[in-house]
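The values are calculated or read from the model by the stated rules, or taken from the named source; none is laboratory data. These numbers come from a predicted model, not from an experiment. Glycine gets a Cβ as well: all are built from the backbone with ideal geometry, and neighbour counts include every protein chain shown. We work out accessible area using only protein heavy atoms, side chains counted, and drop any ligands, DNA or RNA first. Shrake-Rupley method; radii C 1.70, N 1.55, O 1.52, S 1.80 Å.
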Amino acid sequence: MPIFTPGRRWQPAYSPFKKESFGNAVLENLEYAIKGPLFGCRMCGNCLLQETAFICPMECPKGLRNGPCGGSTPEHCYVDKTRPCIWYKIYDRSFKMGREEKLLEVLPPLDWEKVGTETWGDVVHCVKTNGTGNVIKSIVLNQGENRWKTWDLVFRKVRQPDWWKGDDQYHAPAYTEPVSNLEKKLKAGEFVVACEIAPPLSMATKKLIENIELVKPYVTAINFTDNASATPRMTSWACSRFAVEKGAEPVMQIAARDRTRASLQGEILGATALGVRNVLAITGDSAVLAPAPRGRMDINDMDAIQMLWILRKMRDEGRYLDGREIKTPPKFFLGAAAAPFASDPKFQAIREHKKVNAGAQFFQTNLVYDIEGMEIWLNELGKRDILDKVYIMIGITPLKSAKMSKFMTQVPGVFVPKKILDRMDAAAKAGNEQEEGIQIALELIEKVKGYEKQGIHGIHIMPVNWEDVVPRIVTEAGLLPKDFVPPAPKVEKVPA
Ligand code: SF4
């Protein structure tokens, strides 16, 4: 058990995929012999230890390098419940060390050229560049912040390569004219409704088109998930294209789990050329939630924060990650998922702050059934002064049955209060579960509307294959769009 990284199992270190010089190989083995037992080092070659409270983040089964995912809990990792959430440990220790603001820095994805190789060579190079004597004197003689400054001088270059140059600053969108109706309405201060439609499980699109037509008049935008629960379905961009063709406005969800940095950049150009103007960047559920045989569960090429950073730079700087120019940069309104009930509200607030800095202009939260808990999270965001930089839509899922309400307690990042579980149990006995589920959803929406002046700008209905209920909920919640046009009454075909 490594000294500094709490509760870790021994995981294999990465090996360089190219033959290394004798000198490098010696340095690598020395580095591993020391950092392995001390920090559980996996020789990723892109060391972050000084940023992550000397706990190696590479234990995270998603390979996240920018903070806890939406399934993080104080007790365990949701992917592997036999281990703690390493990012919860990192945030917990950073707060204890008073270094939580260091967690705001947007850290790069792995440079796979360096994976398996040593980092100490880079450190020695940075020390020499800054003057060995100066560095040693400054670290030995200085105290507190001055010492950290020298530390940072040396290690920033190691963790922030020239192709990334991440920081902890807010980067405002480099355009003013809204690029989508969703952005336009949010900017105009309208309390908006977005709704999720589950993509088809086959190439048949009849139900998809019906659902798009059904909800289109009642919502401002329609989300299409991207292999939710890591379970294959029709791609989000294809469903988004059908929505565009039907005159509806899609929000294309894109999960880092199924992308490389190359496919991400290619896909965003394709999707925006097909008319998509809203993009929701998510890390994506782990393959542990997928039906067997499961895919990779040990690493993602990127996390959601790195995706936001790459996409924002493509749009605002017209540059690919590799630096090549994009003659006609893609246009899109960029969003991210937020998790009010994951890990700890103040930890999630840092994570959400980082997403806003990286490029998130709107949040769609995980499901909310506990308004008090939502308020605590919202206040933590308020303390970080980001509520004027991001539009927030609260996730609402109407419960169809008592069984479903119990299932929701097992969904990572979702908290269902006992009083709601009891109401659904009582409704099950009374035989009116669906009606009770709708009433609970309407009550939650009414309470969420009460936070319009405190940073909430709308709701995001995730009906989980119950799209039929959306028109009723939006109408009874008094949230019909300002430009609402009642759908033409269905003409029943009379058989000849
Ligand atoms: S809960 Fe999420 S962030 Fe934490 S270790 Fe597991 S996968 Fe990583």
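Contact list please: Cβ distance under 7 Å, first residue in segment 78-97 and modelled with pLDDT of 90 or more and of a type in the set (Ser, Thr, Tyr), second residue near the ligand (Cβ under 8 Å from one of its atoms) and open to solvent by 20 Å² or more (accessible area, probe 1.4 Å), pairs at least six apart or on different chains.
Once the first residue is modelled with pLDDT of 90 or more and of a type in the set (Ser, Thr, Tyr) and sits in segment 78-97, its partners that are near the ligand (Cβ under 8 Å from one of its atoms) and open to solvent by 20 Å² or more (accessible area, probe 1.4 Å) give 78/412.
Somewhere in segment 154-167, is a residue among the aliphatic types (A, V, I, L, M) and either open to solvent by 40 Å² or more (accessible area, probe 1.4 Å) or within 30 Å of residue 461 (Cβ to Cβ) (or both)?
No, because not a single residue in segment 154-167 is among the aliphatic types (A, V, I, L, M) and either open to solvent by 40 Å² or more (accessible area, probe 1.4 Å) or within 30 Å of residue 461 (Cβ to Cβ) (or both).
Having 3 or more residues that are of a type in the set (S, T, N, Q), in the same structural domain as residue 339 (by TED's automatic domain parsing) and open to solvent by 10 Å² or more (accessible area, probe 1.4 Å) is the bar; report the helices (runs of 4 or more DSSP H) wholly within segment 399-496 that clear it.
Ranges flagged: none.
Count, please, the residues in segment 57-100 that happen to be near the ligand (Cβ under 8 Å from one of its atoms), surrounded by fewer than 21 Cβ atoms within 10 Å (Cβ to Cβ) and either among the hydroxyl-bearing types (Ser, Thr, Tyr) or in a helix (DSSP H, G or I) (or both).
Matching residues across segment 57-100 total 1.
What is the residue count in segment 237-267 for residues that are among the hydrophobic types (A, V, I, L, M, F, W, C) and in contact with a Pro (Cβ under 7 Å, 6 or more places away or on another chain)? Reasoning before the result, please.
Initial filter on segment 237-267 (among the hydrophobic types (A, V, I, L, M, F, W, C)): 237-239, 242-244, 248, 251-252, 254-256, 262, 264.
Still in the running and in contact with a Pro (Cβ under 7 Å, 6 or more places away or on another chain): 239, 243-244.
The total comes to 3.
Do we have residue 354 as assigned to a helix (DSSP H, G or I) and farther than 16 Å from residue 304 by Cα here? Can you show your working first?
Details: assigned to a helix (DSSP H, G or I): yes; farther than 16 Å from residue 304 by Cα: no.
Judged against the criteria, residue 354 is not a match.
Do we have residue 108 as part of a loop (DSSP other than H, G, I, E, B), within 16 Å of the ligand (Cβ to nearest atom) and in contact (Cβ under 8 Å) with a residue 12 or more places away in the chain here?
no
Does segment 121-134 contain at least one residue that is in a loop (DSSP other than H, G, I, E, B) and within 16 Å of the ligand (Cβ to nearest atom)? Before you say what the answer is, go through the steps one by one.
Residues of segment 121-134 that are in a loop (DSSP other than H, G, I, E, B), as a first pass: 130-131.
Filter once more, so that each one left must be within 16 Å of the ligand (Cβ to nearest atom): none.
Checked segment 121-134: no residue is in a loop (DSSP other than H, G, I, E, B) and within 16 Å of the ligand (Cβ to nearest atom).
Working only within segment 226-249, note down all residues that are more than 15 Å from residue 267 (Cα to Cα) and of a type in the set (S, T, N, Q).
227, 229, 231
Which one of the conditions (1) without any contact (Cβ under 8 Å) to a residue 12 or more places away in the chain; (2) assigned by TED's automatic domain parsing to the domain that holds residue 276 does residue 176 fail to meet, given that it meets all the rest?
Here residue 176 meets the rest and fails (2).
Just to be sure I understand, how many residues within segment 170-194 are among the aromatic types (Phe, Trp, Tyr) and open to solvent by 40 Å² or more (accessible area, probe 1.4 Å)? Before the answer, list the steps.
So in segment 170-194, the residues among the aromatic types (Phe, Trp, Tyr) come out as 170, 175, 191.
Next cut, open to solvent by 40 Å² or more (accessible area, probe 1.4 Å) only: 170, 175.
Counting residues in segment 170-194 that are among the aromatic types (Phe, Trp, Tyr) and open to solvent by 40 Å² or more (accessible area, probe 1.4 Å) gives 2.
Specify the residue that is least open to solvent (accessible area, probe 1.4 Å); the eligible residues are those in segment 213-229 that are assigned to a helix (DSSP H, G or I) and not acidic (Asp, Glu).
Result: 215.
Answer yes or no as to whether residue 165 is in a loop (DSSP other than H, G, I, E, B), at positive phi and modelled with pLDDT of 90 or more. Show your work before the answer.
On the way: in a loop (DSSP other than H, G, I, E, B): yes; at positive phi: yes; modelled with pLDDT of 90 or more: yes.
Here the answer is yes, as residue 165 does meet what is asked.
So which of 408, 424 ends up being of a type in the set (A, V, I, L, M, F, W, C), touching a strand residue (DSSP E or B) at 6+ places or on another chain (Cβ under 8 Å) and modelled with pLDDT of 95 or more? Full working, then the answer.
Numbers: 424 fails: touching a strand residue (DSSP E or B) at 6+ places or on another chain (Cβ under 8 Å).
Just a single option satisfies the conditions, and that option is 408.
Could you please find all residues in segment 476-490 being closer than 24 Å to residue 439 by Cα and hydrophobic (A, V, I, L, M, F, W, C)?
477, 479, 480, 484
Report yes if some residue within segment 16-27 is out of contact with any Asp or Glu (no Cβ under 8 Å at 6 or more places or on another chain), within 20 Å of residue 298 (Cβ to Cβ) and more than 14 Å from the ligand (Cβ to nearest atom); otherwise report no.
Yes.
Out of all the residues in segment 410-464, which are of a type in the set (Gly, Ala, Ser) and within 16 Å of the ligand (Cβ to nearest atom)?
Result: 413, single match.
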